[in-house]
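Novice: What follows is a structure written as structure tokens; I'll ask about it next.
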Amino acid sequence: MKLITHNMLTSKCMKGVTVGYPLKIQAVDVKTTEVDFNPEFISRLIPKVDWNVLCSAAESIGYLEDLPKEVTENYENNVDFLKKAHRVLLEIDIINGELICPETGRKFPINNGIPNMLLNEDEV
Amino acid sequence: MENGHSRKQGRKLNKKVKKAQHIVEKQTGITCTNNVTKNLVICNCGLVNGLSEDIIYHHFSAYGPLEKIIMITGESCAFVSFKTADTAELAYRNINGKLNLAQDDKPLLLSFVDRLPENSNCTNDLPSGLTVIDNFVTEEEEELLLSLVCFDEQENSSTLKHRQVVHYGYEFRYDNNNVDKDKPLLHGIPKECNFLWDRLQKLGYTDNFRPDQLTVNKYQPGQGIPPHIDTHSAFDDPILSLSLSSSIVMEFRHENGSHVPIFLKQRSLLIMSDESRYNWTHGITPRKTDIVSLESGLKVVQRCTRVSFTFRKLLKGECQCRFTKKCDTYLKNCADELVNHSASQLEKIHVHEIYENIADHFSDTRHKPWPNVVDFINSFDVGSVLMDAGCGNGKYLNCHKNVFKVGFDSSASLINLCQEKGLNVITCNCLYIPFRDESVDGVISIAVIHHLANSERRLRAIRELVRVSRINGNILIYVWAKDQCKDQQKSSYLKQDRRNRKKDDLPQEDKIQNVTVKESNITLPIHINRTQFQHQDVLVPWKLKDSNIDDKSKSEKLFLRFYHVFDEGELEDLCKKLDNIEIVKTYYDQGNWCILLKKLKS
């Protein structure tokens, strides 16, 4: 699971959960894979990302590296910034671990890179 | 005891009384005594023999003021309590063995008792949430209010079996005990009533309460209304009832047996709130007089023609009360839950578990993306976020490199296949998509929603797709069509029939097998593959070749997938139930009904 995916995930569909965001990450295995860098793609993606959540997620698993905590002005033309964003958003993969609902503590396992967000009938 | 009869008659009466006393003691546990007390029991006549409080009052109060009359449900005895022992004794002497009110005109048999039965069911404690405000309106105001209503001429008036009614604001329908919330009447509550709300607020009883429905009832003496609870889903809390022209006793009853008669004086206002509104029945016994307990003792009140103004406020949304046993909203939701539970069981057994079993084989047969879906994906700008809701083996997650695509499916086996291809996927159900509102630019749902087993769930899935989409985002939905041969053109699904059926596409009804799905308590027909669908809810067979090498017989395993195949226009109708989308286009594509939606607002 990439951090861009984590940036969108919530447990709000659960009964009794109102926001369910962001999900806490308990990472056991983290892998980095190289992904082709496309500056236009990344700069269009950035405004859709909750940057604070991205930073704290990266930090919580020890992969913040040198990512600025705020989106730089004119980032579209800042290749260095775009590359850092590219790395955190797309190249870090959580292979095993858990996502944890911030309100109920419900754990969603991540196995083989796949978060399992299936809910039981009594949880919805 | 000297009672004026001849000795013989006296002995005979005493014998009868003794026998009757014995019965009373057995029935009620109350001890009869020969000592004079202020309490009497009528040993041989009660409610079951047609004796009423009125009759007792009429005959007994002639000897002195009464304190209490207690009738016992289902028993042939009754208790009368006088203010003093002297008056009780006077009544005893004059009535015992003389007043022919018992069955077959036999005389009443009396006895003194040491105490009255603990009438725990009938109390003077008001039901919780009930308030009565005496003299809520003045005589002038009463007159004004009465002048507003004309029972005979008004368009909304009708004569019920036991009374006349007129409605304002909305008509209360006695066939379903509810109102048509979409059909307001021409006349709202007369504005002359407005002073009532201000007064209520000033007195601190309600907070800005403004009813929008008024029912005026006219009860002639002898008329009443059966015990009832106002339909929970119809009206909000509280319900107000103003008694005009006459006083009356209204009876409140609880299912635990409690019974509270409440004297509603002329010009009083009754406020039914909380438990008294949701959990107690209220009604008016049809009779011409009421017996009321006052400081000075019991009193008979003659009923006159009573006009009641019942003010209610229509409930928006569902009833949220905690008195679920009496709540129509709760009970209806329970019934829906059950249907939903069956539907979810059906999906579990005949969709989810089947894909787990056939995932590899299924994936081998699903290579070619459908061109119109690919065109849709290619229409997205660089850097868009696209969700594939029900991505299967991920055949659409490879298109358009410059869009971030994330897919999900409820089948872990299919999702594993996606992961092996390096796609971004998660496992989840399309009814509960774990994505934030408005987090993606576009959504595709290809051949997914037809696996949901009732229309409420299909609608819920569409609602979820719209929810996660950004405003102005596009949502493309494909579902299998019931009609596989539109405009004389056979779909590729039909064309793939190896036996190349030419004319006789329709399988005969008697060849269709049915399967009962125990867990859902439902029987479904098994569809014959490569033929036109005969039913909307069907089980479609999937034949899986058993690749077990040890097994030489090479058996075929049959899996039945549940489908709801869509009629023309059905998908559109479902989408029209959402008020935050625009239907961009609908089309038929190779045996599927397809719809493109645009999200307009949150």
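Novice: In the structure displayed, which of B:Lys482/B:Lys545; A:Lys48/A:Lys83; B:Lys421/B:Lys543; A:Lys107/B:Lys405; B:Lys16/B:Lys106 lie more than 19 Å apart, Cα to Cα? Could the numbers behind the result be given before it?
Specialist: Details: B:Lys482/B:Lys545 27 Å; A:Lys48/A:Lys83 17 Å; B:Lys421/B:Lys543 26 Å; A:Lys107/B:Lys405 25 Å; B:Lys16/B:Lys106 12 Å.
In this structure, B:Lys482/B:Lys545; B:Lys421/B:Lys543; A:Lys107/B:Lys405 lie more than 19 Å apart at Cα.
Novice: Quick check: convex hull over the Cα atoms of region B:7-113, volume per residue in Å³, rounded to an integer?
Specialist: Working: hull volume 9.6 nm³, N = 107.
Hull volume over Cα atoms, normalised by residue count, gives 89 Å³.
Novice: Let me ask something else. Hey, could you grab the Kirkwood Rh for region B:283-334? Inverse mean 1/r over distinct alpha carbon pairs, Å, one decimal. Don't skip to the answer; put the middle values down first.
Specialist: Values: mean 1/r = 0.0653 Å⁻¹.
Value: 15.3 Å, from the Cα pair sum.
Novice: For the interface of A with B, what's the total buried accessible surface in square angstrom, probe 1.4 angstrom, rounded to the nearest hundred?
Specialist: Details: alone 7230 and 31200 Å², together 35950 Å².
When A and B are taken together, about 2500 Å² of accessible area is lost.
Novice: Can you compute the radius of gyration and Dmax for the protein assembly as shown, using only the Cα atoms, both in Å?
Specialist: Just the Cα atoms of the protein assembly as shown yield Rg and Dmax of 38.2, 126 Å.
Novice: Oh, and also: Mind checking the log10 I(q)/I(0) for region B:278-381 at q = 0.16, 0.21, 0.22 Å⁻¹? Debye, one equal scatterer per Cα, no solvent, two decimals.
Specialist: Here the Debye-derived log intensity ratios amount to -1.00, -1.17, -1.20.
Novice: Something else about it: What percent antiparallel are the DSSP beta bridges of the protein assembly as shown, to the nearest 5? Numbers along the way, then the final one.
Specialist: Working: 107 of 128 bridges.
Rounded to the nearest five, the antiparallel share is 85 percent.
Novice: Restrict the search to region B:402-478; then list the trypsin sites (Lys or Arg not before Pro) that DSSP places in a loop and that have at most 15 other Cβ atoms within 10 Å of their Cβ.
Specialist: Numbers: sites: B:Lys405, B:Lys421, B:Arg436, B:Arg457, B:Arg458, B:Arg460, B:Arg463, B:Arg467, B:Arg470; in loops: B:Lys421, B:Arg436.
Hits after loop and neighbour filter: B:Lys421.
Novice: So what is the accessible area of region A:3-124 per residue, in Å², with the probe set to 1.4 Å?
Specialist: 48 Å²
Novice: A further question follows. Compute the acute angle (0 to 90°) between the alpha-carbon long axis of helix B:139-148 and the principal axis of greatest extent of the alpha-carbon atoms of chain B; round to the nearest 10°.
Specialist: 50 degrees
Novice: Follow-up question, since we're still on this one. Starting from region B:50-144, pick out the GluC sites (Glu not before Pro) whose DSSP state is loop and whose Cβ has at most 15 other Cβ atoms within 10 Å.
Specialist: Values: sites: B:Glu53, B:Glu67, B:Glu75, B:Glu89, B:Glu118, B:Glu139, B:Glu140, B:Glu141, B:Glu142, B:Glu143; in loops: B:Glu75, B:Glu118.
Here the sparse-neighbourhood loop sites are B:Glu118.
Novice: Sort B:Thr73, B:Thr206, B:Thr285 from largest to smallest accessible area, using a 1.4 Å probe on the heavy atoms of the protein chains.
Specialist: The residues order as B:Thr73, B:Thr285, B:Thr206, largest area first.
Novice: Shifting gears a bit: Per residue, how much accessible area does region B:7-113 have with a 1.4 Å probe, in Å²?
Specialist: Details: 5670 Å² over 107 residues.
Computed with neighbouring chains in place, this is 53 Å² per residue.
Novice: Dividing the convex hull volume of the alpha carbon atoms of region B:193-290 by its residue count, what do you get in Å³ per residue? Could you put the intermediate results ahead of the total?
Specialist: Working: hull volume 11.0 nm³, N = 98.
Convex hull of Cα atoms, per residue: 112 Å³.
Novice: Which listed residue (B:Gly222, B:Gly257, B:His167) has the Cα farthest towards the positive end of the charge dipole for region B:130-326, taking +1 on Lys and Arg C-beta and -1 on Asp and Glu C-beta about the Cα centre?
Specialist: B:Gly257
Novice: Indicate the residues belonging to region B:429-449 that lose 40 Å² or more of solvent-accessible heavy-atom surface (probe 1.4 Å) upon moving from the chain alone to the assembly of all protein chains, ignoring ligands and nucleic acids.
Specialist: B:Tyr432, B:Pro434, B:Phe435, B:Arg436
Novice: Also, I was wondering about something else. List the residues, sorted by chain then number, that are 5 or more residues from B:Ser246 or on another chain and whose placed amide H is less than 5 Å from its amide H.
Specialist: Residues meeting the criterion, in which the H sits 1.01 Å from N, are B:Arg267, B:Val307.
Novice: While we're on this one: Take region B:130-326, compute every pairwise Cα distance, and split them into 5 Å bins from 0; I just need the percent in each bin.
Specialist: For region B:130-326, the pair-distance distribution reads 1, 7, 15, 21, 22, 19, 10, 4, 1, 0, 0.
Novice: Continuing with this model, one more query. Given a 1.4 Å probe and every protein chain left where it sits, what share in percent of the accessible area of region B:7-113 is carbon and sulfur?
Specialist: 48 percent
Novice: Roughly how many debye, to the nearest 20, is the charge dipole of chain B about its Cα centre, given +1 on each Lys and Arg Cβ, -1 on each Asp and Glu Cβ, and no other charges?
Specialist: Details: 80 positive and 79 negative charges, 317 e Å.
The dipole magnitude comes to about 1520 debye.
Novice: Oh, and also: Give a residue-ordered list of calculated ³J(HN,Hα) values for region B:308-325 (Karplus: 6.51 cos²θ - 1.76 cosθ + 1.60, θ = phi - 60°; whole Hz; x for Gly, Pro).
Specialist: These are the phi-based 3J(HN,Hα) values: 10, 9, 9, 9, 9, 10, 4, 8, 8, x, 9, 6, 10, 5, 9, 9, 4, 5 Hz.
Novice: Taking chain B on its own, what percent of its Cα-Cα pair distances exceed 39 Å? Each step should come with its number before you reach the end.
Specialist: Details: 101301 of 180901 pairs.
Roughly 56 percent, once rounded to a whole number.
Novice: Where Rh is the Kirkwood radius over the Cα pairs of chain A, the temperature 20 °C and the viscosity 1.002 mPa s, what D in µm²/s does Stokes-Einstein return?
Specialist: Numbers: Rh = 15.1 Å.
Diffusion coefficient, whole number: 142 µm²/s.
Novice: Per the 1.4 Å probe, what fraction of the accessible area of chain A, in percent, lies on carbon and sulfur atoms? Could you put the intermediate results ahead of the total?
Specialist: Numbers: 2680 of 5940 Å².
Result for chain A: 45 percent of the exposed heavy-atom area is carbon or sulfur.
Novice: Starting from the Cα gyration tensor of region B:241-303, multiply each eigenvalue by 5, take the square root, and state the resulting semi-axes largest first in whole Å.
Specialist: On the way: eigenvalues 85, 43, 23 Å².
So the three semi-axes of region B:241-303 are 21, 15, 11 Å.
Novice: Turning to a different aspect of this structure: Does a label point 7 Å from the Cα of A:Val79, set along Cα-to-beta-carbon, have any residues of region A:36-60 with amide nitrogen under 15 Å, and which are they?
Specialist: Only A:37-43 fall inside the zone, counting backbone N under 15 Å.
Novice: What are the residues whose amide H is under 5 Å from the amide H of B:Leu560, where those residues sit 5 or more places off or on another chain and H is modelled from the backbone?
Specialist: B:Trp542
Novice: In region A:94-124, what residues drop by 30 Å² or more in accessible surface going from the chain by itself to the full protein assembly, probe 1.4 Å?
Specialist: For region A:94-124, once contacts with the other chains are taken into account, A:Asn112, A:Ile114, A:Pro115, A:Met117, A:Leu118, A:Glu121, A:Val124 lose 30 Å² or more.
Novice: Treating the angle as unsigned and between 0 and 90°, give the value, to the nearest 10°, between the Cα long axis of helix A:51-60 and the longest Cα principal axis of chain A.
Specialist: Compared with the principal axis, the helix lies near 70 degrees.
Novice: Count neighbours as other Cβ atoms within 10 Å of each site's Cβ, and list the chymotrypsin sites (Phe, Trp or Tyr not before Pro) in region A:31-70 that are DSSP loop with at most 16 such neighbours.
Specialist: Working: sites: A:Phe37, A:Phe41, A:Trp51, A:Tyr63; in loops: A:Phe37, A:Tyr63.
Sparse-neighbourhood loop chymotrypsin sites (Phe, Trp or Tyr not before Pro): A:Phe37.
Novice: While we're on this one: What is the angle, in °, between the Cα long axis of helix B:7-28 and the longest principal axis of the Cα atoms in chain B? Nearest 10 is fine, range 0 to 90.
Specialist: 20 degrees
Novice: Same structure again: Return the lysines within reach of B:Lys265: Cα separation strictly under 29 angstrom, same-chain partners fewer than 8 residues apart disregarded; answer none if there are no such residues.
Specialist: Cα-Cα hits under 29 Å: B:Lys68, B:Lys83, B:Lys161, B:Lys191, B:Lys202, B:Lys218, B:Lys288, B:Lys299, B:Lys313, B:Lys326.
Novice: Same structure again: Using amide H atoms built in the peptide plane, which far-off residues or other-chain residues are under 5 Å from B:Asn44 H to H?
Specialist: Under 5 Å from the amide H of B:Asn44: B:Leu109.
Novice: Here is a further query. How large is ³J(HN,Hα), in whole Hz, for each residue of region B:272-287 in order, when computed from phi with the Karplus curve 6.51 cos²θ - 1.76 cosθ + 1.60 and θ = phi - 60°, using x for Gly and Pro?
Specialist: Each residue's phi maps through the Karplus curve to give 9, 9, 6, 4, 5, 8, 9, 10, 10, 7, 10, x, 10, 6, x, 7 Hz.
The values are calculated or read from the model by the stated rules, or taken from the named source; none is laboratory data. Fair warning: this is a prediction, and the values are worked out from it, not measured in the lab. Note that each Cβ is placed from the backbone with ideal geometry, even for glycine, and that neighbours are counted across all protein chains shown. We work out accessible area using only protein heavy atoms, side chains counted, and drop any ligands, DNA or RNA first. Shrake-Rupley method; radii C 1.70, N 1.55, O 1.52, S 1.80 Å.
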